[in-house]
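First comes the structure, then the notes that go with it.
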Number of protein chains: 2
Amino acid sequence: MRALLCLLAALSCATAATAAAADWPRPAHTEHAQLARWLAHTAQWGTISAWDAVNQRPVGGVASFSDGPPDSPTGRLYFYLTPMDETTQHITSYPACSFTVAEAQLQPNGCSGTDPEDPTCAKITVIGEMQHIASAEEADAAAAALFSRHAAMQQWPADHGFTFFELKVTEVHMLDWYGGMHIIPGSDYYAAELAPPSAAGSGQRQQRRQWRVQQALWGGGSAAR
Amino acid sequence: MRALLCLLAALSCATAATAAAADWPRPAHTEHAQLARWLAHTAQWGTISAWDAVNQRPVGGVASFSDGPPDSPTGRLYFYLTPMDETTQHITSYPACSFTVAEAQLQPNGCSGTDPEDPTCAKITVIGEMQHIASAEEADAAAAALFSRHAAMQQWPADHGFTFFELKVTEVHMLDWYGGMHIIPGSDYYAAELAPPSAAGSGQRQQRRQWRVQQALWGGGSAAR
């Protein structure tokens, strides 16, 4: 019974953390680095595309991540992975990989009815190299980032060898509007700053987004992708 | 004004189709091929992991898909892609790829609070080869599958060269419970049959899932991943 209560408490914390991260206001689609950073901070998970060198094919794997505690977005992408997972094996063998996050996945409403493939339903693919975190100081930062957003991780089996990784970002490929993909240099991505959440901004955000999506839908059919 | 009404009608249809697909009852975690098929039928989008042969790195891309109209799951994975998208360019150059779908992404509640990386929050990575659909008959099947689930696609710009693709499935990597990943042969995946939706089953499904998730959470910490 006590274990169940602990689990429910952990779930409750995780839900609260998620809500707090989601309060950061969505930047305009023209603010490419900021919007990439916003999506990286708001989402809870994504897909790592890794290279299976044995079978010579790219293989995706779902992974939770965090760029910092709910009130402290950093842009640094931390993961907590086990070598029992094929994705971990692939990135260890071939660290060049990418990590994809879609606005459509944000709970509870994603892009509010806009098709997930639509350009205005933002998506980022972060290109870089996945590195195992060896330093204790860096591991502490990763733990603070991850456990504040994924409370359940603290109960994951100790004998499964979970350790911290960081995706070192070289560039971000982002589609967030008509007109084609933007390539954001890693330095721009890391340097961007998000406007902090505010009670007023948070309350109006969903309304603004719904209006924007309704107005923007293919712009009468004449706008370029 | 008429264009706006058409768009709103299309959005309404898309939402209805999504709800209908989501009514198919979730198979037990022990029914691996069926569960993979359920996730492939219920989800609206996923991440294609493709090989960027020029830069020698795997790159993910978000894509909408469909395995059939809401009432007709087939397991065949259809896509509607434009050559203006880097993912399309990569798979055209190197067709071996994979496609990842997470139960966590299902709207509105994903895995109902379970961490997306938790093994019980199901995820599939479909391994195979992406093929352009050249035959008119096959293109009709792809159109029926896709447009019934993604009504907006019918309004996508004609000059963007969207055409149909199918991911020919050779195997599915699925994590849906403790104890490690299952590899499902493509033949088993295609042969599986889903239990059809029913009013009673649909109504009870969410309650059963919530109970299952609460009971299953790491099984007191002793279960293997």
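The values are calculated or read from the model by the stated rules, or taken from the named source; none is laboratory data. If you're wondering where the values come from, they're calculated on a predicted model, not measured in any experiment. Positions of Cβ are generated from backbone atoms using ideal geometry, with glycine treated the same way; all protein chains shown enter the neighbour counts. These accessible areas exclude ligands, DNA and RNA; they are computed on the full protein's heavy atoms, side chains included. Shrake-Rupley method; radii C 1.70, N 1.55, O 1.52, S 1.80 Å.
Given a 1.4 Å probe, how much area per residue of segment A:16-148 is accessible, in Å²?
On the way: 3990 Å² over 133 residues.
On a per-residue basis, 30 Å².
At a probe radius of 1.4 Å, figure out the A/B buried accessible area, summed over both chains, and give it in Å² to the nearest 100. Walk me through the numbers before you get to the answer.
On the way: alone 11400 and 11400 Å², together 17900 Å².
Rounded to the nearest hundred, the buried surface is 4900 Å².
Between beta-carbons, use under 12 Å as the cut-off and find the net charge around A:V169, counting Lys and Arg +1, Asp and Glu -1. Don't skip to the answer; put the middle values down first.
Working: positive: A:R37, A:R76, A:K168; negative: A:D67, A:E129, A:E166, A:E171, A:D188.
Once all neighbours under 12 Å are counted, the net charge is -2.
A drop of at least 50 square angstrom in accessible area, chain alone versus all protein chains together, probe 1.4 Å. Which residues of segment B:100-141 meet that?
Relative to the lone chain, where solvent access is computed with a 1.4 Å probe, segment B:100-141 loses at least 50 Å² at B:Q107, B:D115, B:P116, B:E117.
Give me the dipole magnitude in Debye, nearest 20, for segment A:112-155 about the Cα centre, with unit charges on the beta carbon: positive for Lys and Arg, negative for Asp and Glu.
Working: 2 positive and 7 negative charges, 29 e Å.
Value, rounded to 20: 140 debye.
Assign unit charges at the C-beta atoms only (+1 for Lys and Arg, -1 for Asp and Glu), then state the dipole size of segment B:74-178 relative to its Cα centre in Debye, rounded to the nearest 20. Mind dumping the intermediate values first?
On the way: 4 positive and 14 negative charges, 30 e Å.
In debye, rounded to 20, segment B:74-178 gives about 140.
Would you kindly compute the Cα radius of gyration of segment B:46-144 and its largest Cα-Cα separation (Dmax), both in Å?
15.0, 44
Which of the lysines could be linked to B:K123 by a straight reach, that is with a Cα gap under 19 Å, when you skip same-chain ones fewer than 8 residues away?
Here the lysines satisfying the reach criterion relative to B:K123 are B:K168.
With a ≥ b ≥ c the root eigenvalues of the C-alpha gyration tensor of segment A:69-212, is it rounded (a/c under 1.5), prolate (a/b larger than b/c) or oblate?
Details: a/c = 1.86, a/b = 1.51, b/c = 1.23.
It is prolate, given that a/c is not under 1.5 and a/b is the larger ratio.
Can you tally the net charge around B:A96? Count Lys and Arg as +1, Asp and Glu as -1, for every other residue whose Cβ sits under 10 Å from the Cβ of B:A96.
Details: positive: A:R57; negative: A:D52, B:E129.
For residues surrounding B:A96, the net value is -1.
Note the distances from A:S198 to each other copy's matching label point, with points 7 Å along the Cα-to-beta-carbon direction, in nm, sorted shortest first.
Ordered by distance, the counterparts are at 5.6 nm.
In terms of solvent-accessible area of protein heavy atoms at a 1.4 angstrom probe, what is the ranking of B:Y178, A:Y189, highest value first? Display every interim value, and only then the final one.
Working: B:Y178 30, A:Y189 0 Å².
The ordering from most to least exposed comes out as B:Y178, A:Y189.
At 7 angstrom along the Cα-to-beta-carbon line, where would the label on A:Q154 sit relative to the other copies? Give the distances in nm, shortest first.
Listed shortest first, these distances are 5.2 nm.
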